[in-house]
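The values are calculated or read from the model by the stated rules, or taken from the named source; none is laboratory data. Since we're looking at a predicted model, the values are computed, not measured. Counting neighbours? That spans all protein chains shown, and the Cβs are built from the backbone with ideal geometry, glycine included. For the accessible areas, the whole protein counts, side chains as well, though only heavy atoms, and no ligand, DNA or RNA atoms are used. Shrake-Rupley method; radii C 1.70, N 1.55, O 1.52, S 1.80 Å.
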Amino acid sequence: NPVKDEAKEMFLDFFAVPSNDERRRVNDGVYTSYEWGPKSQRIQVIILDVRYFHSEFKPTDDYGAPFKERYIPDHDKEKRLMSQEQWRWLGELLARPANVRLIVSSIQVISDGTGFECWRMLPYERERLYNVLQPTLKKTRTVILSGDRHIGGFYKHQTDDLYEVTASSWTHTIPYGMFDDCTNAQECDEKDPRRINDFVRVNHFGMINLDWDNREISIGLRRAETSEAVNEKGDANSDDLLQYHVLSIP
């Protein structure tokens, strides 16, 4: 991308990132991290940048077909989603103690049902991510947060205790029948063995609640006020909770 540096600066300006922030100086993206809380209640948030450095995805050989709508998996081991420096940085963060770890990826990680931009398109990079996370999962409740799909959903890794929640979009979620004549989840939702429930297809946002007394993290997708089906006051209250999962905290 010939304008990625300009786009990076616009991103940092939009979020009012200070001029002395490290992200203004590094030359491979806007990744960053945050930590809060005392011992036994430690929260770590890792925000990845998987677009600034990533290699080109392999174009599909069957445009629009299920599982290969735009791209197909590329087994070239030289292709990358993150720079070597970002991988090193991630490894250092994962070595730090945390009770809850939230990993933010702008594109989906665990999903195996989409042919759009996602980690599945570079299998060796996704396996590398799984491999660095796997040793930490018994001691740390790890959840991946993603978006970019204009639908919402929950996913679980095929073997490890690793979950992902995708929340999008606040304003333009894809309803049934937008691109074809389907009218329900069985007809419309992509087939994906990693997804736990049907897609959420109304405008929504994600919410996370931590209950340290019971050692639980609750993750929900809640109806947004931009949805047509809000209550009379226009509120997105508890009646508008669309999907909800509770996970234990080690």
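Structure summary
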item: Segment 99-118 - residue that is open to solvent by less than 10 Å² (accessible area, probe 1.4 Å) and in a loop (DSSP other than H, G, I, E, B) and, of those, farthest from Thr142 (Cα to Cα); result: Gly115
item: Residues of segment 157-196 that turn out to be among the aliphatic types (A, V, I, L, M), surrounded by fewer than 15 Cβ atoms within 10 Å (Cβ to Cβ) and within 18 Å of the chain's Cα centre (by Cα), as a count; result: 1
item: Residue in segment 165-183 that is assigned to a strand (DSSP E or B), modelled with pLDDT of 95 or more and either closer than 17 Å to Thr114 by Cα or touching a strand residue (DSSP E or B) at 6+ places or on another chain (Cβ under 9 Å) (or both) present; result: yes
item: Conditions (1) in contact with a Leu (Cβ under 9 Å, 6 or more places away or on another chain); (2) surrounded by 16 or more Cβ atoms within 10 Å (Cβ to Cβ); (3) part of a helix (DSSP H, G or I); number of the one not met by Trp89; result: (1)
item: Residues within segment 197-209 that are surrounded by fewer than 15 Cβ atoms within 10 Å (Cβ to Cβ) and in a loop (DSSP other than H, G, I, E, B), tallied; result: 0
item: Residues located in segment 119-136, provided they are in a helix (DSSP H, G or I) and open to solvent by less than 30 Å² (accessible area, probe 1.4 Å); result: Trp119, Met121, Glu125, Leu129, Tyr130, Leu133, Thr136
item: Conditions (1) under 22 Å from Gly37 (Cα atoms); (2) touching a strand residue (DSSP E or B) at 6+ places or on another chain (Cβ under 9 Å); (3) touching a residue at least 12 places away in the same chain (Cβ under 8 Å); (4) open to solvent by 40 Å² or more (accessible area, probe 1.4 Å); number of the one not met by Ser218; result: (4)
